[in-house]
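Q: Below is a structure I'd like to ask you about.
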Amino acid sequence: MKLLKVLAVVAIALPSVVLANQHVITANKQIYSVDSKTQTYIGDVHLSFDDKNKFQTTSNNVSFNNGDTVMEGEVVITFNNITAVTDKVTFSKSDSGVLAKMDEVTFTYK
């Protein structure tokens with residue numbers, strides 16, 4: 001019975017941190033499609049990844065603020081097998097490489 005309680009706690013805590021291809025994603029809420037190929041993260045979203053990971057970005061506007069890069073309007077972040085879409089993202093340096101902060105983002109896995 002104790003094992004089931006521990007597993008239940010782990011299952012409840014697990015959605016708050018997701019590892020994907022050496023990325024760490026945290027958010028207040030996650031929504032997964034039935035096939036898990038589309039995942040939406042909502043509220044205080046942090047995407048952390050090694051700056052050696054190759055990625056491309058596009059957006060309508062780019063600005064720089066105190067060493068951070070801010071991208072707004074139809075932002076698309078593309079990794080090897082992941083496309084992330086958001087309205088606004090702030091990229092900054094972190095101990096692990098790069099930290100991307102967003103209010104909401106939708107990931108599509110290929």
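The values are calculated or read from the model by the stated rules, or taken from the named source; none is laboratory data. In this text, all values refer to a predicted model and were calculated from it rather than measured experimentally. Using ideal geometry, Cβ is built from the backbone for each residue, glycine included, and neighbour counts are taken over all protein chains shown.
Q: Of (1) within 16 Å of the chain's Cα centre (by Cα); (2) at negative phi; (3) in contact (Cβ under 8 Å) with a residue 40 or more places away in the chain, ASP44 satisfies all except one. Which?
A: Single failed check for ASP44: (2).
Q: Of everything in segment 38-55 that's polar (S, T, N, Q) and exposed (fewer than 15 other Cβ atoms within 10 Å of the Cβ), which residue is farthest from ASN28 (Cα to Cα)? If you could, list the steps in order and put the result at the bottom.
A: In the first step, residues of segment 38-55 are kept if they are polar (S, T, N, Q); the result is 38-40, 48, 53.
Then drop every residue that is not exposed (fewer than 15 other Cβ atoms within 10 Å of the Cβ), which leaves 38, 53.
Numbers: THR38: 17, ASN53: 25 Å.
Of everything passing the filter in segment 38-55, ASN53 is farthest from ASN28 (Cα to Cα).
Q: Among the residues of segment 97-109, write down those that are in contact (Cβ under 8 Å) with a residue 60 or more places away in the chain, out of contact with any Lys or Arg (no Cβ under 8 Å at 6 or more places or on another chain) and not hydrophobic (A, V, I, L, M, F, W, C).
A: GLU104, THR106, listed by residue number.
Q: Within segment 57-86, track down each residue that is more than 15 Å from LEU47 (Cα to Cα) and assigned to a strand (DSSP E or B). Lay out the reasoning, then the answer.
A: Residues of segment 57-86 that are more than 15 Å from LEU47 (Cα to Cα), as a first pass: 58-67, 72-74, 80-81.
Across segment 57-86, the qualifying residues are THR58, ASN61, VAL62, SER63, PHE64, ASN65, GLU72, GLY73, GLU74.
Q: Select from segment 56-96 the residues that are closer than 20 Å to THR106 by Cβ and either of a type in the set (Ser, Thr, Tyr) or touching a residue at least 60 places away in the same chain (Cβ under 8 Å) (or both) and list them in ascending order. Outline the logic, then answer.
A: Within segment 56-96, the subset closer than 20 Å to THR106 by Cβ is 56-61, 70-91.
Answer for segment 56-96, where residues must be closer than 20 Å to THR106 by Cβ and either of a type in the set (Ser, Thr, Tyr) or touching a residue at least 60 places away in the same chain (Cβ under 8 Å) (or both): THR57, THR58, SER59, THR78, ASN81, ILE82, THR83, THR86, THR90.
Q: Within segment 15-32, is there a residue that is at pLDDT 85 or above, under 21 Å from TYR109 (Cα atoms), assigned to a loop (DSSP other than H, G, I, E, B) and charged (D, E, K, R)?
A: Checked against the condition, which is being at pLDDT 85 or above, under 21 Å from TYR109 (Cα atoms), assigned to a loop (DSSP other than H, G, I, E, B) and charged (D, E, K, R), segment 15-32 yields no hits at all.
Q: Follow-up. PHE55 - would you say it is under 16 Å from VAL75 (Cβ atoms) and modelled with pLDDT under 95?
A: In short, yes.
Q: Regarding VAL62, is this residue surrounded by 12 or more Cβ atoms within 10 Å (Cβ to Cβ) and closer than 21 Å to GLN30 by Cβ?
A: Details: surrounded by 12 or more Cβ atoms within 10 Å (Cβ to Cβ): yes; closer than 21 Å to GLN30 by Cβ: no.
Answer is no for this residue.
Q: Can PHE107 be described as among the aromatic types (Phe, Trp, Tyr) and either within 26 Å of VAL34 (Cβ to Cβ) or part of a loop (DSSP other than H, G, I, E, B) (or both)?
A: Values: among the aromatic types (Phe, Trp, Tyr): yes; either within 26 Å of VAL34 (Cβ to Cβ) or part of a loop (DSSP other than H, G, I, E, B) (or both): yes.
Considered against the rule, which asks whether it is among the aromatic types (Phe, Trp, Tyr) and either within 26 Å of VAL34 (Cβ to Cβ) or part of a loop (DSSP other than H, G, I, E, B) (or both), PHE107 comes out as yes.
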